[in-house]
1. Taking the stated definitions as given, is P66 out of contact with any strand residue (DSSP E or B) (no Cβ under 8 Å at 6 or more places or on another chain), open to solvent by 30 Å² or more (accessible area, probe 1.4 Å) and closer than 30 Å to K10 by Cβ?
2. Kindly indicate whether R178 is modelled with pLDDT of 95 or more, open to solvent by 50 Å² or more (accessible area, probe 1.4 Å) and not polar (S, T, N, Q).
3. For a quick check of your reading of the model, give me the residue pairs whose first member lies in region 104-125 and is over 11 Å from F70 (Cα atoms) and in contact (Cβ under 8 Å) with a residue 60 or more places away in the chain, whose second is open to solvent by less than 60 Å² (accessible area, probe 1.4 Å) and not aromatic (F, W, Y), with beta-carbon atoms closer than 8 Å and at least 6 apart or on different chains.
4. Based on this model, can you work out whether E166 counts as exposed (fewer than 13 other Cβ atoms within 10 Å of the Cβ), more than 21 Å from the chain's Cα centre (by Cα) and in a helix (DSSP H, G or I)?
5. If the Cβ limit is 9 Å and pairs must be 6+ apart or interchain, which residue in region 64-90 that is on the phi > 0 side of the Ramachandran plot pairs with which residue that is open to solvent by 20 Å² or more (accessible area, probe 1.4 Å) and acidic (D, E)?
6. If I filter region 121-136 for residues that are under 16 Å from the mean Cα position of the chain (by Cα) and of a type in the set (S, T, Y), do I get at least one hit?
7. Which residue, of S29, S74, S13, is at pLDDT 95 or above and of a type in the set (S, T, N, Q)?
8. Considering (1) out of contact with any strand residue (DSSP E or B) (no Cβ under 8 Å at 6 or more places or on another chain); (2) surrounded by fewer than 13 Cβ atoms within 10 Å (Cβ to Cβ); (3) under 30 Å from E11 (Cα atoms), say which one S77 fails and leave the rest.
Amino acid sequence: MYEEIINLFKENSGILTVKELNDNNVSYSEIRKLKDEDLIEAIKRGTYRLIDADIDDFTEAQKLIPKGVFCLYSSASIHELTTYIPMEHHIAIHKKRKISLPNYPPIQPYYWGNSRYELGVEKIKKNGNWIEVYNPEKTVCDFLRFRNKLGWEAAKEVLKTYLGSEKREISKLVDYSRELRIYSKVNQYLEILL
């Protein structure tokens, strides 16, 4: 009966907003019936999840916070720059945006201005779905900038792992550090560790 709507969910990683459903000619009464039959569940106001969909946390967080970018511990984990597994997703959001956080998955938002938010964003495929994450160079710069808040040991692990990587791009790291105004700190650590 609801095969078309179920397929629509499956085509969109198992999560759709009311707007997306309405744009595809799904009425509010159909949404309610799908909920009543335990085919979908509300995961946030105006956002529904297909109950039997196999959705990983990264995809779910990305769908729940559109235009959010995985940063800090989440980004370091995705790029395998840390052994630490974060208990919550760290997501950067433009400082002028207002969002409502879901109960699950746990999300720690960071509100950043234009240059800090836009620099180093890349789209990668994780578990078959596209997510936005900061590249390794931006991640290293962010860890060094927030080393007092995140802990020096965490920043040191991320930097050392990055410097040991074959994919490192030191020139890009230096360029980012200049743009983010932490060049002197990055240069100081590079001189010690290289």
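1. Spelling it out, P66 is indeed out of contact with any strand residue (DSSP E or B) (no Cβ under 8 Å at 6 or more places or on another chain), open to solvent by 30 Å² or more (accessible area, probe 1.4 Å) and closer than 30 Å to K10 by Cβ.
2. It is true that R178 is modelled with pLDDT of 95 or more, open to solvent by 50 Å² or more (accessible area, probe 1.4 Å) and not polar (S, T, N, Q).
3. Short answer, once both residue conditions are applied: Y104/I43; S115/L180; R116/A92; R116/L180; L119/K138; L119/L180.
4. Considered against the rule, which asks whether it is exposed (fewer than 13 other Cβ atoms within 10 Å of the Cβ), more than 21 Å from the chain's Cα centre (by Cα) and in a helix (DSSP H, G or I), E166 comes out as no.
5. Going by the 9 Å Cβ cut-off, the qualifying pairs are K67/E132.
6. yes
7. Numbers: S29 fails: at pLDDT 95 or above; S13 fails: at pLDDT 95 or above.
Checking each option against the conditions leaves just S74.
8. Status for S77: all satisfied but (2).
The values are calculated or read from the model by the stated rules, or taken from the named source; none is laboratory data. All values reported here derive from a predicted model rather than from experimental measurement. As a convention, Cβ positions derive from the backbone with ideal geometry for all residues, glycine included, and neighbour counts pool all protein chains shown. Note: areas computed on protein heavy atoms with side chains; ligands, DNA, RNA excluded. Shrake-Rupley method; radii C 1.70, N 1.55, O 1.52, S 1.80 Å.
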